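Each value in this text was obtained by applying a stated rule to the coordinates, not by laboratory testing. Since this is a predicted model, take the numbers as computed values, not measurements. Positions of Cβ are generated from backbone atoms using ideal geometry, with glycine treated the same way; all protein chains shown enter the neighbour counts.
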Amino acid sequence: MKILVVDDEQDVKVLFQQRFRKEIRKEELEFVFAFSGEEALKLMKAMEHEAVLILSDINMPGMSGLELLDTIKKNYVKPPPMVMMITAYGDDENRTMAKNLGADDFLTKPLDFSLLKDKLITLT
Amino acid sequence: MIKQSLLFITLFFCILFTASGHENPIDKNGLALDTIVHFTKADLDSIFGLRLTNKEGWIFKSGNKQDASSIDIDLAGWERLNPSQITNDMADSSGKFEGWFRLQFTIDSAFAKLPLYLDKEDHAAEDIYLNGKLFRQFGEKGNDRASFKEHIQDFDIRNPIFLEPDTIHTLVIHYVDYSTYGNIFKVVPVGSTRIVTNDYFDYMNFLGYKVLFDLIGSFIFFILFWLLYLLIREDSELLMIAIFSSLMLLLNICIAFNGADSLFFTLPSKYMIILLYIRDILYIYFFLFCFLFGYRIFYGKHSKWFILASIILIFIPYYAAFALYFFIAIFLVFLSIKSKKRELSVRILLYSLTLSYIITATGLIYRYSNLTDDFSLRLIMVYSDTIGKAILFLGMLAFVAYRMREKNEDMRQNAMELVKVEAEKSALITSQNEKLELKVKERTSELNQSLEELKATQSQLIQSEKMASLGELTAGIAHEIQNPLNFVNNFSEVSNELVDEMNEELDKGDLEEVKAISLDIKQNLEKINHHGKRADNIVKGMLQHSRSSSGTKEPTDINALADEYLRLAYHGLRAKDKSFNAELITNFDESIGKVNIVPQDMGRVILNLITNAFYAVNEKKQRDVNFKPIVSVSTKKTDEHITISVSDNGDGIPEKVKEKIFQPFFTTKPTGQGTGLGLSMSYDIVTKGHDGNLKVETAEKKGTTFIIELPN
């Protein structure tokens, strides 16, 4: 299962590659990175027939994480990809909006990579 | 016998009658026709000589059938009549009166060697014969009215005669006159022929000078009073005096040619009649004027009754008007007595009016009523009108002079009063000014205090505005700091794990892997360092923003400044409104390099413009869900300027609002959401602080672009 990480911060890619270097090397986890909602949608289209787990930041210029979530949940009905929302702001408003839009899980920054790793391994 | 006796008696009586008639001729009335009149010195008036024509002894024969100029003539058909007895009905149907008058007289020795002359005042033409010789002609008899020339008196001395005393002298007058205006009396008593001495001519010439004196005097006063009136127009009393002086001049002109008091010669009767009529009216008005002026001066107004009486009096005969004089005199005396407490000018005028009135009236009454023959008294009476008029004129002059003095005094008093009032006013004004100054000082101090408070409030407001914009940034700043901090945390955690992993690989002796891990660790450390600096910059920027401006310009990367504030503003807004999103477009001209600006101030301007842009698009988004907000920030360098443009595709600014956006405290935001100082402060910072310009281009419904122009 491919994990699509969407964040406008370029360094997220480096962080994920290093943090999950063993799992990547062992091919236990496979990451794809997008730096905006729009780019994520393009990649999603390319990976139309693959099962995808999406890890998305909420605060991004242009299309926000919530808009991306909304689009994915509306456009990919069968089977809807899992979407985990990541944001620096763990406030109730964003959490409620994300849940209402069909987010499967909700993580707050800074990411607890151990927890994330467990969740990803469980899901994949 | 009886018949013879009757004839004898008749003849006797006839003879007797004829004999006595021849010796003592009588007229039809039985009056003697041969009376010889004897004149003594007592008959000779010292001035007017001997008036012959009213003496008894004259005989008269009408017509001109007989030349009666000889000494001895037939007196049949003559009658006793003297020239002063001529009546109007004696004229024939053509209005002509012609006849012969004869007088025989003797004189006593008092006339001896006294040069005597003939003169007369009436206008009849007369040929005068003395002792059978033509002695003097007055006028020309002519043959008819056309060739008739009336006598004009000129007071020239001609042909003296020296009459022998105790000798019978025969004086014959061939008398011709024509009626004028149906009246042969005309204006001067007919038959005024008299024998006069030199004294008469001296007196008449003396009178001539008196008339001339009156004429010149009244002319001078006429000029003087009119000049005075023209100079002081507002004085209605002066006008009255001036009009009166004109009437008086006219009166004196009439008098100058009226015969008795004429100026060296008289006028033909037809002119004299007019002048005398005017003179008589003017005399009446002279007295009425005294009444009018006295009334006017005393009561300060005209009498309506006077005006009415003046009109009526024109139609009243001259002598009838005399009846009024008495009442006017009483009235004037009454006014004079009552005027004791009045101003000097009023008293002077009333006294002079009264005096003039009484003198003139008395003189006239005496003259025309012939109350006296006393020459000295007569002379005084002749002069009374001159004296009366002079008193009146001088009185009026004194009145004018005193009136002017009183008016001047009044004016002086008024002026002094005014000065006093002005001084009081001035004192009042000074005291009011002092009070005002005190008040002004109080107010100024209050205002200064208010100003100080305002300044304090202004700085507080400016601080508030800073803090408000800082507040808007807080969320963005938190996000911006949180992200690098997360990286620092995450990279340091990962590095920690990598170190453990590296140790494991060392134990395994896989040096290649160890090297790879150490490279990763190094990269992580750089990342940590990078994000640490990133957080550091944000904190510094925040501090810089909230700090008071140093006012010092320093080379600044405008692109970085704009970019930073764009992101901070964006995240700030997003933090407050999760639903907000906008496309951010940046177009930075990299050739700008560093620009000398006050970074805190310019940052504040850029932040303000960006915040406004976000606010504008957000407002539009609220109404239109399909609206895609775009906010763009661009910089550009030209030869003259460096421009920083902040654009949005919001609703634009209405024209009315556009005029006010740079005014302090103007805001379109709901109460509590904006201080209204953002754009005004921005404008000041750009224009005053950086010699630049802050312009706005806007189109309603399409969007707005704010352009900061800074000198290159």
TODO: Grab the beta carbon distance between B:Tyr277 and B:Leu436, set R0 = 56 Å, and tell me the FRET efficiency rounded to 0.05.
DONE: 0.15
TODO: Can you tell me the equivalent ellipsoid semi-axes for segment B:615-712? Use √(5λ) from the Cα gyration tensor, largest first, whole Å.
DONE: 24, 18, 10
Open item on the list: Using only the Cα atoms of chain A, what semi-axes does the equivalent ellipsoid have when each is the square root of 5 times a gyration tensor eigenvalue? Give whole Å, largest first.
Closed with: 20, 17, 14
TODO: Set the Förster radius R0 to 22 Å, insert the Cβ-Cβ distance between B:Lys515 and A:Arg25 as r into 1/(1 + (r/R0)^6), and round the FRET efficiency to 0.05.
DONE: 0.90
Task: At q = 0.07, 0.08 Å⁻¹, base-10 log of I(q)/I(0) for chain B (Debye sum, equal scatterers on each alpha carbon) - done: -0.73, -0.84
- [ ] Divide by every residue of the protein assembly as shown the summed helix terms, -39500 (n - 2.57) for each DSSP H run of at least 4, and state the resulting mean residue ellipticity at 222 nm, rounded to the nearest 500 deg cm²/dmol.
- [x] -18500 deg cm²/dmol
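Which whole number gives the average, over all residues in B:482-491, of C-beta atoms from other chains lying within 10 Å of the residue C-beta?
Going residue by residue through B:482-491 and averaging, the value is 6.
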Task: Dipole axis of chain B (+1 Lys, Arg; -1 Asp, Glu on Cβ), positive-most option in B:Val176, B:Gly650, B:Pro484 - done: B:Val176
Open item on the list: Give the residue list of trypsin sites (Lys or Arg not before Pro) in segment A:22-80 that are DSSP loop and have at most 16 other beta-carbon atoms within 10 angstrom.
Closed with: A:Lys26
Open item on the list: Restricting to DSSP loop positions (anything but H, G, I, E, B) with no more than 11 other Cβ atoms inside 10 Å of their own Cβ, which GluC sites (Glu not before Pro) remain in segment A:1-92?
Closed with: A:Glu27, A:Glu48
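Where nothing but the Cβ of Lys and Arg (+1) and of Asp and Glu (-1) is charged, how large is the charge dipole of chain B around its Cα centre, in debye to the nearest 20? Intermediate values should be presented prior to the final figure.
On the way: 76 positive and 89 negative charges, 576 e Å.
My answer is approximately 2760 debye.
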Task: Gain upon complete extension [B:Asn489, B:Leu454; 0.36 nm per residue less C-alpha separation] - done: 7.7 nm
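Would you mind checking the pairs A:Lys45/A:Lys117; B:Lys304/B:Lys407; A:Lys2/A:Lys26; A:Lys119/B:Lys522 and listing those with alpha carbons more than 21 angstrom apart?
On the way: A:Lys45/A:Lys117 26 Å; B:Lys304/B:Lys407 27 Å; A:Lys2/A:Lys26 14 Å; A:Lys119/B:Lys522 29 Å.
Going by Cα-Cα distance, A:Lys45/A:Lys117; B:Lys304/B:Lys407; A:Lys119/B:Lys522 fall outside the 21 Å limit.
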Open item on the list: Between segment B:211-262 and segment A:103-124, what is the separation of their alpha carbon centroids in Å?
Closed with: 137 Å
Task: Distance in nm between pseudo-label sites at B:Ser93 and B:Leu212 (7 Å out along the Cβ direction from Cα) - done: 5.1 nm
- [ ] Could you calculate the contour length gain from B:Ala427 to B:Lys149, that is, 0.36 nm times the residue separation minus the distance between their Cα atoms, to one decimal place in nm?
- [x] 91.4 nm
TODO: Treat each spin label as a single point 7 Å out from the Cα along the C-beta direction, and report the B:Ala112 to B:Lys522 distance in nm.
DONE: 19.1 nm
Task: Distance between segment B:98-120 and segment A:1-67 - C-alpha centres, whole angstrom - done: 175 Å
Open item on the list: Under a crude label model (7 Å from the Cα following the beta-carbon direction), how far is B:Asn529 from B:Lys658 in nanometres?
Closed with: 5.3 nm
Open item on the list: Quick test of the membrane-span-like rule: which DSSP H helices of chain B reach at least 20 Å along their long axis (C-alpha atoms) with mean Kyte hydropathy at least 0.5?
Closed with: B:2-23, B:198-231, B:236-256, B:269-299, B:322-338, B:344-369
TODO: Identify the trypsin sites (Lys or Arg not before Pro) of segment B:263-307 meeting these criteria: DSSP loop state and at most 12 other C-beta atoms within 10 Å of the C-beta.
DONE: B:Lys301
Open item on the list: As an exercise, use a Förster radius of 30 Å and the Cβ-Cβ distance of B:Thr586 and B:Asn496 to find the FRET efficiency, rounded to the nearest 0.05.
Closed with: 0.20
